[in-house]
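Q: Quick one: structure below, then a few questions.
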């Protein structure tokens, strides 16, 4: 974390989210394209993310891990809100080039 009370940057939040893996596929949620939006305000960091499928059994675990990861780079008094969204639906096109190569999907 930066200086006490300093807001994290979007880059810091995204880097923290890179430490959160989807345990079913063994890759981080940023490279999988699951992070849709990061908003940073004076009293709140809000992250919108999705799952590869609404039936994903790991949704709660992943959102809890994302909340902890963002909290670790944020001041203690900054609220962290991680919200699951389903629109737009996730597609493999949202994955990073590295993720597509890992899974053997054309870029």
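Read-outs throughout are calculated quantities, based only on the coordinates presented, and are distinct from any laboratory measurement. Small disclaimer: the values here were computed from a predicted structure and weren't measured. Here Cβ is always computed from backbone atoms with ideal geometry, including for glycine, and neighbour counts include all displayed protein chains.
Q: Cut-off is 10 Å between beta-carbons; in what order do 44, 17 appear when sorted fewest neighbours first? Mind showing how you got there, number by number?
A: On the way: 44 13, 17 22.
Ordered by Cβ neighbours within 10 Å, fewest first: 44, 17.
Q: Spin-label point model (7 Å from Cα, Cβ direction): what's the residue 64 to residue 11 distance in nm?
A: If labels sit at residue 64 and residue 11, their model points lie 3.3 nm apart.
Q: Let's test the formula: R0 of 30 Å, r as the Cβ-Cβ distance of residue 105 and residue 79. What FRET efficiency results, to the nearest 0.05?
A: So, using R0 = 30 Å, E works out to roughly 0.25.
Q: Take 64, 93 and order them by how many other Cβ atoms sit within 10 Å, fewest up front.
A: Ranked by crowding around the Cβ, least crowded first: 93, 64.
Q: Could you put 90, 105 in order, starting from the residue whose Cβ has the fewest other Cβ atoms within 10 Å? Walk me through the intermediate numbers first.
A: Working: 90 20, 105 11.
The most exposed by this proxy come first: 105, 90.
Q: For the Cα atoms of the chain, what angle does the longest principal axis make with the long axis of helix 59-72, in degrees from 0 to 90, nearest 10?
A: 40
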